[in-house]
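Note sheet for the following structure.
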């Protein structure tokens, strides 16, 4: 579990594809590397990955086919900057929102407009995710917890302050760039709860009555 408050920007150091999966190497700043152990979870551009190796100031992760199909990691290249956040610990401040690191789909930057010292981003969303995106709700974009300003047609907007632009890779994104989207986990449960559950109907016998077990 994560908060969507990016802790640092790492750099991709290696991209090795073998047997349908990607071995991804990411170097993090020295202060952020302290205490990282094999088996722990780190969100890379919002994708929850498991550390499989730690050496020389970098971590390695195995990225499976499903993750490659659904996230921007499929196009990762050496020297690409990536957002990184280590997993939330008991007692940590919860400054963003609950982020699982399970990406729901790919969005696309449609437009970037300046609003004073801030930037207003318009993101295109897959239509199946729109019911889980609401004005004043939360969404994770490449692992960054952002507040939704508005939802129009197949797009939504978020205002991004200078600190977020400086502390993450979002300031490098331009119209047409793809981003990882994770909707608010609470919205998922609300949406699921709103779907009526139909009780199962016992199968009928050939005579039209309900099938019952035969006595012995």
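When the helices in the chain are scored as -39500 (n - 2.57) per DSSP H run of 4 or longer and the sum is shared across all residues, what 222 nm value do you end up with, to the nearest 500 deg cm²/dmol? Kindly include the intermediate steps, with their values, before the conclusion.
Numbers: 4 runs with 25 residues, N = 216.
-2500 deg cm²/dmol, from helical runs alone.
If you work out Rg/Rh (Cα atoms, Kirkwood Rh) from the coordinates, which of (1) 0.99; (2) 1.03; (3) 1.12 do you get?
(3)
Which distance in nm do the two modelled labels at residue 151 and residue 77 give, with both placed 7 Å along the Cα-to-Cβ direction?
Spacing of the two 7 Å Cα→Cβ label points: 3.5 nm.
Please compute the length gained on full extension between residue 89 and residue 174, using 0.36 nm multiplied by the number of residues separating them and subtracting their Cα-Cα distance. All intermediate terms of the calculation are to be shown ahead of the outcome.
Details: separation 85, 0.36 × 85 = 30.60 nm, distance 3.35 nm.
Here the answer is 27.2 nm.
Quick one: among 76, 187, 19, which has the greatest mean-square fluctuation in a GNM of the chain with alpha-carbon springs under 10 angstrom?
Evaluated over the chain, the most mobile residue of the options is 19.
Read-outs throughout are calculated quantities, based only on the coordinates presented, and are distinct from any laboratory measurement. Please read all numbers here as calculations on a predicted model, not as lab measurements. Methodologically, a virtual Cβ is constructed for each residue, glycine included, from the backbone with ideal geometry; neighbour enumeration extends over all protein chains shown.
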